[in-house]
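Single-structure report; data block below.
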Amino acid sequence: MSNTISSTSRLALVNNHLSSVNNNNNGTNNIIASGDIGLIGLAVMGQNLILNAADHGFTVVAYNRTVSKVDEFLANEAKGKSIIGAKSIEELVANLKRPRRIILLVKAGKPVDAFIEQLLPHLEKGDIIIDGGNSHFPDSNRRFADLKDKGILFVGSGVSGGEEGARYGPSLMPGGHPDAWPHIKEIFQSIAAKSDGEPCCDWVGDAGAGHYVKMVHNGIEYGDMQLICEAYDLLKRVGKFSNKEIGDVFAKWNKGVLDSFLIEITRDILYYNDPTDGKPLLEKILDSAGQKGTGKWTAINALDLGMPVTLIGEAVFSRCLSALKSERVRASTILEGPSVPEESPITDKTKFVDDLEQALYASKIISYAQGFMLINEAAKEYGWKLNNPAIALMWRGGCIIRSVFLGEITAAYRENPNLENLLFHPFFHKAITKAQSGWRASIGKAVEFGVPVPAFSTALSFYDGYRSAKLPANLLQAQRDYFGAHTFKVLPGEENELLKKDDWIHINWTGKGGNVSASTYDA
């Protein structure tokens, strides 16, 4: 019997082998890669970002864990657009041009890691994974390092602007492996919001820098919202303004230095009446605010880095206090303090409103100054080279804290990228000096009538502390040395034989203590 195989038999074996390979790869070998970028996660943000990219001429490959969502999306919102549906991770990857660029818009935490693990077997060196969710920056640092070892370029990108921003132009804050930026720059800057013709998107820095900047953005957002709430509360409780009148005030403010997205939506909220009875809907909402944790992350990181980001911290604590609704109701019947008369005690309402505008403006300046202090300290701590002018520009449009005000911050950092503090720039120095009288007057009215203004108050306290050449921390350090031998340094100019320059000194304050000092450290 001959061992020779006929040419027909050989062809049949080859065809069978190719068929087997195609079946094992779910037919992906027959796909011609035409996708510019892939996106995993078809919730509202994901769908809108895909539609945005398609509108700008990019071919997007869409995938969702629940495959039926892909079919629904293609049959409805994505119909007729340059959007390809994928039924599996393999199909998603196969449809993408090299280097493959894949955005994850899924819930932060374990789902991000799970999808990365699913993607890795199908990717090659130089492919790019972009986490566009609300991830905590330490997670992005970890993913950056892990994927770098595998040859995959990781990008952690802040995305701000909500559903409308995703659809028509968000603020994008990408950071991670710098080699990824040339491959995603055109797409990101095309779909981003524009401010004076410039995209609200630029490269932020290494590793988790993008998500770090987004975290600080969210913290500032907490502060802005709290400040606005305090202004509303003073207008309502002390000024006795109606919701319509307060809406008119915010409408006026939105045409001046406070022109911003949050002032604009506050105006709309104040104007809105319940269609069932015509009464202001705002007054029917339970006064207990929720939070997702990003403001808390900012406050915790500020404590870790030893930076006095007081306004964001107070904004977080104010939400925590609001959640104690039942306790506050009981306390209102037990605890005593000043109250506002039935008739408004304000005789000059125009001045009251103008003072409050200045208080809000000055406090915003403090909030942003503190935010950039934190960003600059983080750059030193984590070894990042951050682009302050670009960060301010990214926040100028598309995002929740977008405002005219941010244009001045962009200009300040472009003029001096190494600006030590926003308060040192002539524009902000002049603005906060002009605002002081109204700022202090507004807080004084709040204190007089027992209306809480934690964000206004902490902003002013920070300002007064920051401009103090000497603070009572000398007494604090003496107390620490007294009870714990924690030592102190001598004030320059007061050195002597006992108090030597640059030494850590311990004093036996009572004659009963020892001479052994504790270790010196900053926690």
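The values are calculated or read from the model by the stated rules, or taken from the named source; none is laboratory data. Note that the structure is a prediction, hence the values are computed from the model and not measured. Cβ sites come from the backbone with ideal geometry, for glycine too, and all protein chains shown count toward neighbours. Calculation scope for accessible area: heavy atoms of the full protein, side chains included, ligands and nucleic acids excluded. Shrake-Rupley method; radii C 1.70, N 1.55, O 1.52, S 1.80 Å.
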*Failed condition for residue 196, given (1) surrounded by fewer than 24 Cβ atoms within 10 Å (Cβ to Cβ); (2) touching a strand residue (DSSP E or B) at 6+ places or on another chain (Cβ under 8 Å), with all others met?*
(2)
*What about residue 323, is it touching a Ser or Thr at 6+ places or on another chain (Cβ under 6 Å) and either open to solvent by less than 70 Å² (accessible area, probe 1.4 Å) or without any contact (Cβ under 8 Å) to a residue 60 or more places away in the chain (or both)?*
yes
*Those residues that are surrounded by fewer than 23 Cβ atoms within 10 Å (Cβ to Cβ) and at pLDDT below 95, I need them from region 137-166; list them, please.*
162, 163, 164
*Within region 181-234, track down each residue that is modelled with pLDDT of 95 or more, under 23 Å from residue 109 (Cα atoms), in contact with a Phe, Trp or Tyr (Cβ under 7 Å, 6 or more places away or on another chain) and not hydrophobic (A, V, I, L, M, F, W, C).*
208, 211, 212
*asked:* Of everything in region 72-110, what is open to solvent by 70 Å² or more (accessible area, probe 1.4 Å) and touching a Gly at 6+ places or on another chain (Cβ under 8 Å)? Give them in sequence order.
replied: 97, 98, 107
*What do you reckon, is residue 414 of a type outside the set (Phe, Trp, Tyr), more than 23 Å from residue 165 (Cβ to Cβ) and open to solvent by 50 Å² or more (accessible area, probe 1.4 Å)?*
yes
*Listed residues 468, 442; which is modelled with pLDDT of 95 or more and either surrounded by fewer than 21 Cβ atoms within 10 Å (Cβ to Cβ) or touching a strand residue (DSSP E or B) at 6+ places or on another chain (Cβ under 7 Å) (or both)?*
468
_Going residue by residue through region 117-134, is there one that turns out to be over 27 Å from residue 294 (Cβ atoms) and open to solvent by less than 10 Å² (accessible area, probe 1.4 Å)?_
yes
*Give just the number: which of (1) touching a His at 6+ places or on another chain (Cβ under 6 Å); (2) more than 24 Å from residue 213 (Cα to Cα) does residue 156 not satisfy?*
(2)
*Can you name the residue in region 455-471 that is under 30 Å from residue 319 (Cβ atoms) and not in a helix (DSSP H, G or I) and is also farthest from the chain's Cα centre (by Cα) among such residues?*
471
_Within region 316-417, considering only helices (runs of 4 or more DSSP H) that don't extend past its boundaries, which have at least 3 residues that are under 30 Å from residue 196 (Cβ atoms) and of a type in the set (Asp, Glu)?_
349-382
_Single residue of region 286-299 satisfying the filter (of a type in the set (Gly, Ala, Ser) and surrounded by fewer than 18 Cβ atoms within 10 Å (Cβ to Cβ)) that is modelled with the lowest pLDDT_ = 293
_Given the condition open to solvent by less than 80 Å² (accessible area, probe 1.4 Å) and part of a helix (DSSP H, G or I), answer yes or no: does some residue in region 483-500 qualify?_
yes
*asked:* Can you confirm whether residue 221 is in a helix (DSSP H, G or I) and without any contact (Cβ under 8 Å) to a residue 12 or more places away in the chain?
replied: no
*Applying the selection to region 228-285, what residues are open to solvent by less than 30 Å² (accessible area, probe 1.4 Å), outside any helix (DSSP H, G or I) and either among the β-branched types (Val, Ile, Thr) or touching a Leu at 6+ places or on another chain (Cβ under 9 Å) (or both)?*
239, 241, 258, 260, 274
*Check on residue 177, at pLDDT 95 or above, touching a helix residue (DSSP H, G or I) at 6+ places or on another chain (Cβ under 9 Å), open to solvent by 50 Å² or more (accessible area, probe 1.4 Å) and not charged (D, E, K, R)*: no
*Output for region 54-100, where each listed residue is closer than 25 Å to residue 127 by Cβ and among the hydroxyl-bearing types (Ser, Thr, Tyr)*: 59, 63, 66, 82, 88
*Can you name every residue in region 75-90 that is in contact (Cβ under 8 Å) with a residue 40 or more places away in the chain and of a type in the set (Asp, Glu)?*
90
